Amino acid sequence: MKKKVTKIGVLTSGGDAPGMNAAIRAVVRTGNYYGLEVFGIVRGYQGMIDNDMYKMENRSVANIIQRGGTILKTARCKEFFEPEGRKKAYENLKKLGINGLVVIGGDGSFRGAQKFSSEFDIPCIGLPGTIDKDMAGTDFTIGFDTAVNTAVEAIDKIRDTADAHDRLFIIEVMGRDSGYIALHSGVATGAENILIPEHKTDIEELISSLQEKEKRKKLVNLLVVAEGDDFGGGNEVAKLVKQKLPNADIKVCILGHIQRGGAPSCLDRLIASRLGYAAVETLIQGDKVNTMIGIVNNQLHYTPLDQAVKETQTIDPEWLKIVKILAS
Ligand code: ADP
């Protein structure tokens, strides 16, 4: 017989992503709708260890659906890697009577949730909140749409100045292990090529394609590079290209943290609201807990946490062919 969930905790952990607030709001309001007590846990797992948690009412989440960042703050918590840290966290939850947990974060946060739920009798639900999108078991992650649209807006602006000066721009976008922001923003802005961690880049081929374009006077070229590409990011790619094309006018632009901030897009608010609601319903029903809830083919999709942390979403290599053909 499953224990009835009466008090739940919600936290945001790891890298922040726009839309996390919308997810918190959905968890709090759905929880309160069903008569649960909802506690906000401050700074991710650190707040569980430090006993930094507070009761959230519907008013606690007023006016946040449109805000980036996370009102609960986020943190990376070393102590949670250790069994003693997790035990301390459990004891603090027990003291408050919290018997269900919603973790909004990326794969690292789910690794923590998976360990925690296997050690203690507190069911967990993971909601994918990451700008990187590279999680298996979901077509969307909270934050990706906003981040990639921020990148597109910035790259469009760079294209204007690249065009005015016939320049080669190398634009570095976020993605230490994932090329999704680079792929989507690169395709959407007509980039010459994209360099992503998932696929090896043939630098010689890239250079000869740039040389060939120079001959035909196609002088505006944008290369979109994920920060974790084979060569180590935009500046390193620029050095390699400069060696081979010493006359090229090359500029590097690193978009950086602007990709994390800002008001979440409509899509991110929608996903976050739907998933936050589903997380509470799932905790109450009790039969699909210790899962990450995603959306696949517009249906809710439940992936056991231990599986969610093992798998990542791959990028179909055909996309790279599409990029090259469309940039010719
Ligand atoms: P993200 O969720 O964005 O991938 P991190 O990888 O930084 O972010 O993970 C967030 C936090 O989750 C870590 O600081 C740590 O507290 C917890 N965590 C990550 N991996 C583990 C693990 N293997 N065991 C226990 N806790 C973990």
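The values are calculated or read from the model by the stated rules, or taken from the named source; none is laboratory data. None of the values given here were measured: they were computed from a predicted structure. Backbone-built Cβ (ideal geometry, glycine too); neighbour counts: all protein chains shown. Surface accessibility is based on the protein's heavy atoms, side chains included, excluding ligands, DNA and RNA. Shrake-Rupley method; radii C 1.70, N 1.55, O 1.52, S 1.80 Å.
Please figure out what share of the DSSP beta bridges in the chain is antiparallel and state it in percent, rounded to the nearest 5. The antiparallel proportion sits near 25 percent.
Note on region 66-202: Lys pairs 8 or more places apart or on different chains, Cα atoms under 27 Å apart, count 20. Cα centroids of region 1-46 and region 98-169: how far apart, whole angstrom? A separation of 18 Å, based on Cα centres. Region 172-231 to region 275-328: how many Å between their Cα centroids? For region 172-231 versus region 275-328, the Cα centre distance is 26 Å. Taking the Cα centre of the chain as origin and assigning +1 to Lys and Arg Cβ atoms and -1 to Asp and Glu Cβ atoms, the resulting dipole is close to 940 debye. Ligands, DNA and RNA are left out, and with a 1.4 angstrom probe the accessible area of the chain is 45 Å² per residue. In plain terms, the chain from GLU311 to GLU82 could stretch by 80.1 nm, reckoned as 0.36 nm per residue minus the Cα-Cα distance. Here the 3J(HN,Hα) profile of region 54-69, calculated from phi with Karplus coefficients 6.51, -1.76 and 1.60 at θ = phi - 60°, is 9, 6, 10, 9, 4, 5, 5, 10, 6, 6, 10, 4, 9, 9, x, x Hz, Gly and Pro shown as x. The relative contact order of region 192-254, computed from alpha carbon pairs under 8 Å that lie at least 6 residues apart in sequence, is 38 percent.
Calculated [222 nm] ellipticity per residue, helices only, for the chain: -12500 deg cm²/dmol; basis is -39500 (n - 2.57) per DSSP H run with n ≥ 4, divided by all residues, nearest 500.
I'd like the FRET efficiency for GLN299 and LEU267, computed as 1/(1 + (r/R0)^6) with the beta carbon distance as r and R0 of 22 Å, rounded to 0.05.
0.85
Once C-alpha pairs closer than 8 Å and six or more residues apart are averaged by separation and normalised to the residue number of the chain, the relative contact order reads 24 percent. Taking the charge dipole of region 145-260 about its Cα centre, with +1 at Lys and Arg Cβ atoms and -1 at Asp and Glu Cβ atoms, the residue from ASN149, VAL225, SER209 reaching farthest to the positive side is SER209.
The amide H of PHE39, built 1.01 Å from its N in the peptide plane, has ILE8, GLY9, VAL10, MET56 as neighbours under 5 Å, considering only residues 5 or more places off or on other chains. For the chain, the fraction of 1.4 Å probe accessible surface lying on carbon and sulfur atoms is 50 percent.
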